[in-house]
Amino acid sequence: MRTVFVNGEYVPEDEAKVSIFDRGFLFADAIYEVTSVLSGRLIDFDGHMGRLERSAGELDMALPMDAAGLLDMHRELVARNAVDEGLVYLQVSRGAVDRDFPFPPPDTPGTVIAFTQTKKLIDNPKARTGIEIITVEDLRWGRCDIKTVQLLYPSMASTRARKQGAGGAWLVRDGMVTEGTANNAYIVTRDGTIVTRDLSHDILSGITRKAVLACAKKLQMKVEERPFSLEEIDNAVEAFTTSATTFVQPVVGVNGKPVGDGKPGPVATKLREIYIEENLKTAR
Ligand code: PLP
């Protein structure tokens, strides 16, 4: 049984309790981060905590723990659960108060929970085979740049993908891809340019996106940050996604049509390799 973290305490997972009045539970008034663990160490921890602070700031939410405390807690959870490879999920809500729409007074203590999941991340068969995805209209709210637990629409889209035998879904607004349900989306054009949507309120600023784009630039690959259309996917030679737990994941088919030759391509394969190599160096 796992040991999880709830408001300052390490407890067995079946003893962990959060109030039914928690605003995360009642209003999705909570933010989260998922940090991957490789060789027992945290990948890009500072990037994830930086984004957590930004999400909190955008929502006027106080963080009950500082970055140093959160690092100690993450390390403690990884150690107590002997996680060699996997992830740490962290969630912070605005706390538990009697149900009312306006935010409660700022001194209301927030709720902090975290747990680990052991998972093979490097030796992921989908990285070798690539995945097929479908596209779904993006009906999420207008602040997708804030990492909130309001994940019902992405869950609906992922469920639709699974029912159709696909490995994921990309979201499309006004004919242009925004991002995946839980990842950022990329194509590689015939001239070798990597295209991914530019940062705005429409997408989450992926921690892996930033690191992978830095790797691409280092490898002197051409990168364009701009929206791309479904027609451009038809003409692309490669497609892929990035996220903290899947790193770089080749996409070999979209809506039943192969991308390029329908196999993982050299750009995604190279970026995955370099991303893992580079980020292991700075793991904490
Ligand atoms: N976009 C969305 C909507 C996500 O939920 C995620 C991760 O969960 C990402 C992008 C990728 O972000 P990161 O690379 O920080 O995991």
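The values are calculated or read from the model by the stated rules, or taken from the named source; none is laboratory data. Nothing here was measured: the structure is a model prediction, and the numbers come from that model. No Cβ is skipped: glycine too gets one built from the backbone with ideal geometry, and neighbour counts run over all protein chains shown. All accessible areas refer to the heavy atoms of the entire protein, side chains included, with ligands and DNA or RNA removed. Shrake-Rupley method; radii C 1.70, N 1.55, O 1.52, S 1.80 Å.
If eta is 0.890 mPa s and T is 25 °C, what Stokes-Einstein diffusion coefficient results for the stretch 94-193, Kirkwood Rh from Cα pairs, in µm²/s?
Using the Kirkwood radius from Cα pairs, D works out to 145 µm²/s.
How much mean residue ellipticity at 222 nm does the chain get from its helices, if each DSSP H run of length 4 or more adds -39500 (n - 2.57) and you divide by all residues, to the nearest 500 deg cm²/dmol?
-8500 deg cm²/dmol
Sort out for me the Cα centre separation of the stretch 101-167 from the stretch 1-74, rounded to whole Å.
Centre-to-centre distance over Cα atoms comes out at 15 Å.
Mind checking which of 49, 19, 247 is farthest towards the positive end of the chain's charge dipole, using Cβ charges of +1 (Lys, Arg) and -1 (Asp, Glu) about the Cα centre?
Highest projection toward the positive end goes to 247.
May I ask for the longest run of the chain untouched by chymotrypsin sites (Phe, Trp or Tyr not before Pro) that are loop-located per DSSP and have at most 13 neighbouring C-beta atoms (other than their own) within 10 Å?
The segment 142-284 is the longest one with no such site.
With a 1.4 Å probe and all protein chains left in place, how much of the accessible area of the chain comes from carbon and sulfur atoms, in whole percent?
Details: 7240 of 13710 Å².
Of all accessible area on the chain, carbon and sulfur atoms account for 53 percent.
So what is the relative contact order of the chain, in percent, for Cα pairs below 8 Å that sit 6 or more residues apart?
That works out to 19 percent.
What is the magnitude of the charge dipole of the chain about its Cα centre, with +1 placed on the Cβ of each Lys and Arg, -1 on the Cβ of each Asp and Glu, and no other charges, expressed in debye to the nearest 20?
The dipole magnitude comes to about 760 debye.
Just the number, please: percent antiparallel of the DSSP beta bridges in the chain, rounded to the nearest 5. Provide the component values of the computation, followed by the final result.
On the way: 45 of 55 bridges.
Roughly 80 percent of the beta bridges in the chain run antiparallel, per DSSP.
Taking the Cα centre of the stretch 125-282 as origin, work out the dipole magnitude from +1 charges on Lys and Arg Cβ and -1 charges on Asp and Glu Cβ, in debye rounded to 20.
Details: 22 positive and 19 negative charges, 105 e Å.
Here the stretch 125-282 has a charge dipole of around 500 debye.
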